[in-house]
1. Within 10 Å of each Cβ of A:179-191, how many other protein chain Cβ atoms are there on average?
2. Kindly write out, for segment B:66-73 in residue order, the coupling ³J(HN,Hα) from the Karplus curve 6.51 cos²θ - 1.76 cosθ + 1.60 (θ = phi - 60°), rounded to whole Hz, with x marking Gly and Pro.
3. With viscosity set to 1.002 mPa s and temperature to 20 °C, compute the Stokes-Einstein D of the protein assembly as shown, Rh being the Kirkwood radius across alpha carbon pairs; µm²/s, no decimals.
4. Could you pull out every residue, at least 5 positions away or on a different chain, whose amide H is within less than 5 Å of the one on B:PHE150? Hs are placed 1.01 Å off N in the peptide plane, and Pro or chain starts have none.
5. Two decimals is fine: what's Rg over Rh for segment A:97-145, C-alpha atoms, Kirkwood radius as Rh?
6. Which residues, if any, in segment A:106-143 have at least 20 Å² less accessible area in the whole protein complex than in the isolated chain, probe 1.4 Å?
7. Calculate one ³J(HN,Hα) per residue across segment B:147-162 by plugging θ = phi - 60° into the Karplus curve 6.51 cos²θ - 1.76 cosθ + 1.60, and present them in order as whole Hz with x for glycine and proline.
8. On each of the three principal axes of the Cα atoms of segment B:57-195, give max minus min coordinate, whole Å, ordered largest first.
2 protein chains.
Amino acid sequence: MMADVQRLETGNGPRAAILNAAMRLFGKQGYTGTSIRDLATEVGVLPGSLYAHIQSKEALLVEIVADGIHRFITAVEPHAHGAGSPVDRLRAMIVAHVEVVAENPERSLVVFHQWRFLGESSLPAAIERRQVYEGCFIKVMEEGVGQGLFKPEINQRIAVFTILGALNWTPEWLSPDGRLTAQEVGSLMAETLLRGVLA
Amino acid sequence: MMADVQRLETGNGPRAAILNAAMRLFGKQGYTGTSIRDLATEVGVLPGSLYAHIQSKEALLVEIVADGIHRFITAVEPHAHGAGSPVDRLRAMIVAHVEVVAENPERSLVVFHQWRFLGESSLPAAIERRQVYEGCFIKVMEEGVGQGLFKPEINQRIAVFTILGALNWTPEWLSPDGRLTAQEVGSLMAETLLRGVLA
DNA sequence: ATGCTTTTAACAAACGTTTGTTTCTCGGCA
DNA sequence: TGCCGAGAAACAAACGTTTGTTAAAAGCAT
């Protein structure tokens, strides 16, 4: 009954083309604002043809969101558990996050905005993964305060949400082919955000 | 031919009830994810009955977004053109923004996330108003740098987007009846964000 | 000729909206 | 007080379209 989980292959093939088109459209128009016919047009195929490669519209969203969160966690979590000081680790996490956004801003838009439309069966897992991600930042923040590196009087919850808010908004304005590289943008944001919490 | 522009009345009446319900649903499920039947159910009325009070689904969005942006501009713009130092003005703008969000987080979600779904006739005006709003922050930022109050080496564009990103994300987590008042949350965020740009 | 993929056509359901009619509320007049 | 008509609101039903999805037939490789 439980079908094999379909994995997102970065390789070629019609399946990857569909997923890329879905990322673009879900990011631009939202999940509920994108129809299967929109998607088929973008791919260059008739609507029914899509179902030879996908299970359902929602399965597309599940795969994009799950894979997207995975990329963020994979890129950021090692720094959270790293060896350096909390300050350096937080800086590295911010840069890594921006780099993942720059790699594909549309996917990031889907990950951060469209996850609400996951069905009841896949939503809990996605929320849990998001909390794992937020937990990385909270952990480093707590350690920073514990070591006297961050201002003790800051509200940790609000500081984390401030940082995550700034980060989550980046796909709205970041252009991967702008003058600055993702690494430079990330460093500038880290500079700005870190000074707000340093002791 | 041009009908009178319908104004958002804070007063009672079925029209206000519809607008409030639309704010809640558009904020939670998105504009395209909310059907007229959803809205009618929320109001407690049959779908067709709504059209005695509204012109169309899109007209609802137009009114909510236009009124919402207006509230933010009204609350923040005076501080941008105020007499104090750029530092104090930026702080006051951040606090004012958070206060408007706290006043109605759902409306803020619609303003910042759903404006994309405005039709071609109303979208340009909304974008222009948003740019006016962003311009307030850019202006103060420039003056702060000009007066040597803000670090000259910061990238002003990125600093503004970092601040606005943190602010635009607040409706996702801010609860108006939490332990902290909106004014306190705004002050804490301003503290965090301002130290990142101070010279 | 056997497997994929696409096309074609259609399905039931949900979409935004309009219509004609009923129900409710309330002020004025006898 | 009792009746009446006016206005506002909601109902019930349907409209044409679009939605996600499917089944059968056709195309095309190996």
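1. Per residue, the average neighbour count from other chains is 3.
2. 4, 5, x, 4, 4, 5, 5, 4
3. 95
4. B:VAL145, B:ALA199
5. 1.07
6. Those are A:HIS113, A:ARG116, A:PHE117, which lose 20 Å² or more relative to the chain on its own.
7. The phi angles translate into 8, x, 7, 10, 4, x, 7, 6, 7, 4, 4, 6, 5, 5, 5, 5 Hz.
8. So the extents along the principal axes, rounded to whole Å, are 49, 37, 24.
The values are calculated or read from the model by the stated rules, or taken from the named source; none is laboratory data. What you see is a predicted model; the values in this text were computed from it and never measured. Cβ coordinates were reconstructed from backbone atoms using ideal geometry, including for glycine residues, and neighbour counts include every protein chain displayed. We work out accessible area using only protein heavy atoms, side chains counted, and drop any ligands, DNA or RNA first. Shrake-Rupley method; radii C 1.70, N 1.55, O 1.52, S 1.80 Å.
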